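Working notes, structure below.
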Amino acid sequence: MPKKQALTLSLLIGSTSLAAFGAVGLIAFRHVSPDHPSATMKSYFAHPVREDRNGVIAPWYQGLNGQLDERAAIAVNVYKRYPWVGKPKAVMAAPDFVYNSHWSISPEGVIAIPPTTDWMCGDLSQRAWSIVKGLTAYYQYSGDPIAFLYIPLTVDYILDYGQTDDKNPWPRFPISTPTRGKAYGKCDPAGRNQLDLCAITGTEVLRAYKLTGNPRYLAAAEHWGDVFAQKCNFKTKLSPWNRYVDPSVVGWSDVLTGTTTLITDFLDDLIKLGYNGKGGLIVKARDKGRDFVNKQMLPAWINNDTWGRTYWDWDNPVICGSMSMCADHIMKYPAAYPTWKTDLRNIMALIFNRNGADLNSMGDMYSGAWAFPESSVCCGTSLSYCQYTAAPTFIRYGVLANDPWAKEIGRRMMLMATYDSDEKGVVKDGLLGDSVATGEWSNLAHPWPLCQVMESLAWMPKELGPNRENHIMRSSSVVASVQYDAGSIRYSTFDAKAPAIDVIRLAFVPTLIRANGITLARHADNATNGFTVEKLANGDAIVSIRHDGLKKLEVTGPDPQQEAGTLKLSLTENWARMSSNNLVVANRAGAGMEFKFIGNQVRVLGTVDTKGGWADAYIDDEKQLTVVECWNPVRRDRQPIFIKKGLSNGPHTVRIVARGAKNTISRGTEVSISAVQWSSATGDAGFGQGEGPKGAQRMVFGYTGREDIVDHNGNSWRPATEWVIRSGFSNDTVDKAWWTNRRSMYIGKTPDEELYRYGAHGKEFWVNLTVGPGTYDLRLKFADTPLTAWMEREDKWQRVLHSVKVDVNGKEAIPAMSISGAAGDLFTAIDKVVKGVKADHGMVRVHFTGVDNKEATVQALELVPSKPTR
């Protein structure tokens, strides 16, 4: 994510001095050292640590709605109270985040916009991605109509003020990184316009079209697709596109690598809508992009440049955000990438090895969860937004590939990431509790986390979803309208192309589901139209609905939620009862509505339209950090204008007080209320308990093949990526710790020579294995296959031999040994077995240390469940 072109140490560590930072970093590093995996820090990011019964990270937040739902609510409430800017300062009235990410927030949650520069506007495409994707998903999930306010403003600004002109070589094309021109004004195209980021702008404009139905959005995206197709280089073996519209404006690499997938993804979205371009050229360009990724990028999965260089403001080979974006595209189109399962497994886990290299990174596993910075060259300690980026991709892969290893890694990472914000919206994204990037860039503080929280909820509704609530968690299309009522959910999707499958979490088991008025049957699977039900222990149900060709759905059943109409609301003066539509309406400051209820969650429903104003919300006389926003471009009735969950189960009072004020574009200050919904249903289905893979894990260090090595017993061995070496402030130093070239043809004393031909080496490194509860046997495979080096002291060529000591979970497991000496010779295999290793905080850590002034090395590792003793 974007940062200033030259990050200063003050930005990296906030107000902490260099000396203090070094001391804090060293203390923390010693406290959670490689030798002591069971040690945990007292806090992560903004909150004290909580662990589950297996010693794995657990939610700090204990409300029934869960930590991810609460984090989403915090982000949305920051959106709602964000300052607006209008003419003459800006070209159009909008919340300030539409124009730039520059912000500050006080400890009390008060948002301010510091004096800004054009540079701070440069993340336009990334901000638009966060705003459109995150709020579209949140609307589907909650019914909150705020999406229809912020999304059109963002897209309209891009279309009106963020495109090139007709005479540009890339005519009427998005300006993804507008770092020139007047802030709050028209974007200047004479900058580093980055094409993969232009493509994600197109993807999100298409999403906005599917949500709003605005034909202008579709027309713009189709034109952008035509331009991409016309500019595609069909002859080269390199990427079909450059990295930039004009490579001369940057002083670094102009080569587009793995993020070619982002352009391909945009073209795929157009094709799915039936737009193939002039003469089918968009299809041809899409196919060229896929071909390049399959033939050039995936074979080079080990290289940093393959998945790096997507950030607009520097030339860092980052494998954090881009890795996830590329993987998400490949999972959308698995038939186009035949070896996607092994490819993505290898690529995704590479971040653990690469991004923990810097001595100050603290990239490691804590309470069983991986934490890491952007890369080996940025930015100090591990950052929560890197976890936000990777976790949903791991979860999605775990679901689609049926892989408990990936799913558990993602679950733990997302729980840790959502430690980053307090209830007032102050985000501390540094592992040690500092605001690093989020202290200046609002996109990283809330819009981007909202995107990633919603994605995690979508793919893990059972483990991470709110208890005793109703939500559409995932849809194969865009949900264009939704109405959450007590005992009924009515919604429509943009389309229903096969297979059209939606996943809903309900506080009840449905009694009836209709699609376009047709009653759907309950089935055992989603092979045909119908629905499945998985009952949860607390009374909730995970319902999966297949509805090919049917866009309008209704789900009904015995919902524990209750509703009170306007006649049961207590009103102060200055309210008018509208009997024709069961509304109470106020537009004067101080007009209040009050309702008492017994429960743990409450929703206030109202009407939003072009005359809507603002109100404040109170729970038990405590003012909530939000704005009740009643404006919308079209009238929408019975909308949730205020939502509060996670309350203690008992008596509460909700109060709405009109401000007599409005946003800049509203024609009035009306606050219209139609009902209050609440629930006292209880029951916690849990958020996971440090489970994860309990089967065998086998890996070969230094091996970079795309397919697994199969041993003589038929067991598969994958490339090893889940290991850390503090090799320094450079990706090159990480590469040097891998022996990737296939070594000696001869390895003695083994039927599986291939397992010993590669390796990891260094003075000190460690492997973090994600495991479920249980006891395991560990087998380490060694073979000293030394290279020859010139030894200055001896004035001759000499083989560089290796000696190693191994600790497992902080205890010595293999005393210091010469590998060739223990094996009996060079190029000879030796295995060492450590039995009865118990999972410690959801992990097994294997720590290698070189001894006798030699480097340690290891060739392969196998972890299998211990066999029960008689």
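Take the residues in segment 110-124 that are of a type outside the set (Asp, Glu) and touching a helix residue (DSSP H, G or I) at 6+ places or on another chain (Cβ under 8 Å), then tell me which one is most open to solvent (accessible area, probe 1.4 Å). Break it down into steps so the answer makes sense when it comes.
Here is the first cut: in segment 110-124, the residues of a type outside the set (Asp, Glu) are 110-117, 119-122, 124.
Cutting the leftovers down to touching a helix residue (DSSP H, G or I) at 6+ places or on another chain (Cβ under 8 Å) gives us 111, 113, 124.
Details: ILE111: 22, ILE113: 47, LEU124: 7 Å².
Ranking the candidates gives ILE113 first.
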Number of positions in segment 342-366 that are of a type in the set (Asp, Glu) and either in a strand (DSSP E or B) or open to solvent by less than 10 Å² (accessible area, probe 1.4 Å) (or both): 2
Every pair of residues 6+ apart whose Cβ atoms lie under 9 Å, when the first sits in segment 34-45 and is in a loop (DSSP other than H, G, I, E, B) while the second is aliphatic (A, V, I, L, M) and modelled with pLDDT under 75: ALA39/VAL32; THR40/VAL32; MET41/ALA28; MET41/VAL32
Residue list for segment 88-106, restricted to those being of a type in the set (Val, Ile, Thr) and part of a helix (DSSP H, G or I): VAL98
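Is it the case, given these coordinates, that THR664 is polar (S, T, N, Q), modelled with pLDDT of 95 or more, surrounded by 19 or more Cβ atoms within 10 Å (Cβ to Cβ) and part of a loop (DSSP other than H, G, I, E, B)?
Judged against the criteria, THR664 is not a match.
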Hits in segment 704-726 - residues which are outside any strand (DSSP E or B) and within 28 Å of the chain's Cα centre (by Cα): THR704, GLY705, ARG706, GLU707, ASP708, ALA720, THR721, GLU722, ILE725, ARG726
Output for segment 396-452, where each listed residue is hydroxyl-bearing (Ser, Thr, Tyr) and either modelled with pLDDT under 95 or closer than 18 Å to MET362 by Cβ (or both): TYR419, SER435, THR438
Qualifying residue in segment 232-248 (condition: hydrophobic (A, V, I, L, M, F, W, C) and not in a loop (DSSP other than H, G, I, E, B)): no
Residue that is least open to solvent (accessible area, probe 1.4 Å) [pool: residues in segment 271-281 that are in a helix (DSSP H, G or I) and in contact (Cβ under 8 Å) with a residue 40 or more places away in the chain]: LEU281
Residue satisfying condition, being under 30 Å from THR626 (Cα atoms) and open to solvent by 10 Å² or more (accessible area, probe 1.4 Å), within set ALA183, ALA147: ALA183
Boolean, ALA75 is of a type outside the set (D, E, K, R), within 17 Å of LEU135 (Cβ to Cβ) and either open to solvent by less than 30 Å² (accessible area, probe 1.4 Å) or out of contact with any strand residue (DSSP E or B) (no Cβ under 8 Å at 6 or more places or on another chain) (or both): yes
Criterion: under 34 Å from the mean Cα position of the chain (by Cα) and charged (D, E, K, R) - qualifying residue of GLU563, GLU594, GLU534: GLU534
Residues (open to solvent by less than 50 Å² (accessible area, probe 1.4 Å), of a type outside the set (Lys, Arg) and over 30 Å from VAL734 (Cβ atoms)) located in segment 282-309: ILE282, VAL283, ALA285
Filtered residue count, segment 297-320, keeping only those that are outside any loop (DSSP other than H, G, I, E, B) and more than 25 Å from LYS272 (Cα to Cα): 6
Failed item, numbered, when PHE848 is tested on (1) surrounded by fewer than 18 Cβ atoms within 10 Å (Cβ to Cβ); (2) under 41 Å from the mean Cα position of the chain (by Cα): (1)
Segment 107-132, residues that are assigned to a loop (DSSP other than H, G, I, E, B) and in contact with a Phe, Trp or Tyr (Cβ under 8 Å, 6 or more places away or on another chain): ILE113, PRO114, GLY122, ASP123
Residue in segment 766-786 that is at pLDDT below 95 and open to solvent by 20 Å² or more (accessible area, probe 1.4 Å) present: no
Matching residues, segment 201-210, being open to solvent by 10 Å² or more (accessible area, probe 1.4 Å) and touching a residue at least 40 places away in the same chain (Cβ under 8 Å): THR203, ARG207, LYS210
Hits in segment 398-428 (condition: open to solvent by less than 10 Å² (accessible area, probe 1.4 Å) and more than 23 Å from ASP52 (Cα to Cα)): GLY425, VAL427
Per-region count, segment 794-838, residues touching a Lys or Arg at 6+ places or on another chain (Cβ under 9 Å) and within 26 Å of GLY692 (Cα to Cα): 10
Segment 215-270: number of residues that are modelled with pLDDT of 95 or more, open to solvent by 40 Å² or more (accessible area, probe 1.4 Å) and touching an Asp or Glu at 6+ places or on another chain (Cβ under 9 Å): 1
The listed residue being surrounded by fewer than 23 Cβ atoms within 10 Å (Cβ to Cβ), in contact with a helix residue (DSSP H, G or I) (Cβ under 6 Å, 6 or more places away or on another chain), assigned to a helix (DSSP H, G or I) and of a type in the set (A, V, I, L, M), out of LEU159, LEU197, LEU135: LEU159
Segment 802-816 - residue that is without any contact (Cβ under 8 Å) to a residue 60 or more places away in the chain and open to solvent by less than 20 Å² (accessible area, probe 1.4 Å) and, of those, farthest from ASP852 (Cα to Cα): VAL808
Residue satisfying all of: in segment 310-337; small (Gly, Ala, Ser) and over 16 Å from the mean Cα position of the chain (by Cα); most open to solvent (accessible area, probe 1.4 Å) among these: ALA335
Number of the exception - GLN798 against (1) open to solvent by 20 Å² or more (accessible area, probe 1.4 Å); (2) in contact with a strand residue (DSSP E or B) (Cβ under 7 Å, 6 or more places away or on another chain); (3) modelled with pLDDT of 95 or more: (3)
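The values are calculated or read from the model by the stated rules, or taken from the named source; none is laboratory data. Note that the structure is a prediction, hence the values are computed from the model and not measured. Cβ: placed from backbone, ideal geometry, glycine included. Neighbour counts: every protein chain shown. Note: areas computed on protein heavy atoms with side chains; ligands, DNA, RNA excluded. Shrake-Rupley method; radii C 1.70, N 1.55, O 1.52, S 1.80 Å.
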